[in-house]
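Shown next, in structure tokens, is the structure this report addresses.
The values are calculated or read from the model by the stated rules, or taken from the named source; none is laboratory data. Remember, predicted model here, so these are calculated numbers, not experimental data. Note that each Cβ is placed from the backbone with ideal geometry, even for glycine, and that neighbours are counted across all protein chains shown. Ligands, DNA and RNA are stripped out before the accessible areas are found, and what is left, the full protein with its side chains, is counted by its heavy atoms. Shrake-Rupley method; radii C 1.70, N 1.55, O 1.52, S 1.80 Å.
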Amino acid sequence: MMKTNRLLVAAALATAIGASIAGVLGDTNMTAPITSQAKVPFLHGLSAGAVAGHSELASLERADEWINSPPLTASALRGKVVLIDFWTYTCINWLRTLPYVRAWEEKYRDQGLVVIGVHSPEFSFEKDLNNVRRAAKDLGVDYPIAVDSDHAIWRAFNNQYWPALYFIDSQGHVRHHHFGEGSYEQSEKIIQELLAEAGAVGFDRELVSVHARGIEVAADWDSLKSPENYLGYDRTQNLASGGKLVLGEPRIYEVPARLSLNEWGLSGSWTARKETAVLNKPNGRIAYRFHARDLHLVMGPAATGTSVRFRVLIDGKPPATVHGIDVDEKGEGVVTEQRLYQLIRQPKPIVDRQFEIEFLDSDVEVFAFTFG
């Protein structure tokens with residue numbers, strides 16, 4: 001997911017390179033990201049931007065847990081082409097790349113490709129192994145997953161973004177990387193060239209055809225004018241409800257009569273925490289002025305096993321045909337688990353709209369708005 005400020009919205013939306021973890025981990029002494037080379041000839045040798053050596057792949061031994069596979073090691077992967085996919089399950093940018101990663105894994109696994117999803121969490125609840133297992137099952141991620149809750153593998157790769165792809169040849173060298181969405185044809189050609197170098201023959205060179213559905217559909221970049229925004233104390237921007245959030249104390253907030261584009265407001269009794277805002281009493285609301293085809297909200301019940309009912313309005317009315325997959329035409333839905341919820345998907349023409357969500361029950365945690 002992207003981390004931007006108001007002055008960088010246009011540039012960030014255009015490049016779509018995914019979200020930096022700098023604000024999550026603090027000072028980790030990581031080097032600045034190197035722009036991914038967009039040419040297949042890069043495969044013929046290590047450029048100045050490539051990472052040499054085997055330390056990155058060896059870091060898989062530091063995984064907290066493995067899902068869908070016994071532990072994989074650098075020595076066991078020798079002779080295989082490896083695609084490392086850094087992800088976190090609430091990241092909309094990663095979710096939109098998933099259909100391609102799935103398709104590559106299915107098409108090339110018998111030719112020697114091993115796809116490893118390294119789950120490096122952004123939010124605290126994404127460190128819960130049960131949450132990761134559930135998300136992997138729900139999203140159809142059935143290739144090996146290295147659970148990287150302490151970001152040990154992340155740091156070994158000097159990674160800074162979700163999603164991030166690292167292409168590793170059969171000798172264990174990182175030969176290419178790509179940050180964010182897009183460049184799918186180039187990425188698949190790189191996989192094919194690495195497989196050919198490793199001795200694979202006879203595989204179909206025709207590129208995969210992906211028909212994404214639901215939340216995995218590519219963003220409407222031409223219409224997107226709203227960047228991601230966090231709702232916790234540490235990273236929120238553009239709050240219009242009386243200035244800054246108050247950390248750690250219940251407070252009554254009010255939504256102003258008018259919101260400008262990309263401003264948001266709270267109504268009711270909320271307690272702001274570092275990465276979330278928590279509703280203390282029923283019937284609290286959030287309003288957001290946005291410009292995008294899709295609107296998503298990362299949220300969940302404050303207590304495992306509970307649920308929170310909500311109702312959505314768009315420009316003061318039930319969403320009807322522009323409702324997202326987690327809402328019905330009346331705008332009604334239920335928060336049952338900690339994940340990303342799609343609340344609005346609208347057809348063109350895309351214009352500024354005012355979104356509102358009212359929670360009919362208390363004890364919901366809201367983390368971030370993302371758009372598409």
Projecting each Cα onto the charge dipole of the chain (Lys/Arg +1, Asp/Glu -1 at the beta carbon, about the Cα centre), which of His291, His119, Pro163 comes out farthest on the positive side?
His291
Using the alpha carbon gyration tensor of segment 312-372, what are the three equivalent-ellipsoid semi-axes (square root of 5 times each eigenvalue), largest first, in whole Å?
20, 13, 11
Once the dipole of the chain is set up with Lys and Arg at +1 and Asp and Glu at -1 on Cβ about the Cα centre, which of Ser209, Val351, Ser183 lies farthest towards its positive end?
Val351
Using only alpha carbon pairs under 8 Å that are at least six residues apart, calculate the relative contact order of segment 265-350 and give it in whole percent.
30 percent
GluC sites (Glu not before Pro) within segment 199-236: which are DSSP loop residues with at most 13 other Cβ atoms inside 10 Å?
Glu206
5 Å is the cut-off here: which amide hydrogens, built 1.01 Å from N in the peptide plane, fall below it relative to His323, excluding neighbours closer than 5 in sequence?
Arg345
Using the Karplus curve 6.51 cos²θ - 1.76 cosθ + 1.60 with θ = phi - 60°, work out ³J(HN,Hα) for each residue of segment 152-169 in order, rounded to whole Hz, and write x for Gly and Pro.
5, 5, 3, 5, 4, 8, 6, 7, 9, 9, 10, x, 9, 10, 10, 9, 10, 7
Contour excess over end-to-end distance, with Cα ends at Leu313 and Ser75 and 0.36 nm allotted per residue
80.2 nm
Does segment 249-361 classify as rounded, prolate or oblate by the C-alpha gyration tensor (a ≥ b ≥ c root eigenvalues; a/c under 1.5 gives rounded; else a/b over b/c gives prolate, otherwise oblate)?
oblate
Could you run the Karplus curve 6.51 cos²θ - 1.76 cosθ + 1.60 with θ = phi - 60° over segment 84-95 and give me ³J(HN,Hα) per residue in whole Hz, x for Gly and Pro?
8, 10, 7, 8, 9, 6, 9, 7, 5, 5, 5, 4
Karplus-derived 3J(HN,Hα) from phi for segment 197-203 (6.51 cos²θ - 1.76 cosθ + 1.60, θ = phi - 60°), whole Hz, x at Gly and Pro, runs 4, 7, x, 5, 9, x, 7
Could I get the Rg over Rh figure for the chain? Both from C-alpha atoms, Rh via Kirkwood, rounded to two places.
0.98
Hey, can you find the accessible area per residue of segment 221-316 for me, probe 1.4 Å, expressed in square angstrom?
44 Å²
Note to self: with every protein chain in place and a 1.4 Å probe, segment 96-143 gives an accessible area per residue in Å² of 38 Å²
On the formula 1/(1 + (r/R0)^6), with r taken between the Cβ atoms of His211 and Arg134 and R0 of 25 Å, the FRET efficiency rounded to 0.05 is 0.50
Degrees between helix 129-139 axis and first principal axis of the chain (Cα, 0 to 90, nearest 10)
80 degrees
So how compact is segment 169-269: Cα radius of gyration and Dmax in angstrom?
23.2, 66
Does segment 102-154 come out rounded, prolate or oblate by the C-alpha gyration tensor, with a ≥ b ≥ c the root eigenvalues, rounded set by a/c under 1.5 and, if not, prolate when a/b is larger than b/c and oblate if not?
oblate
Counting only protein heavy atoms, what percent of the accessible surface of segment 233-355 is carbon or sulfur at a 1.4 Å probe?
49 percent
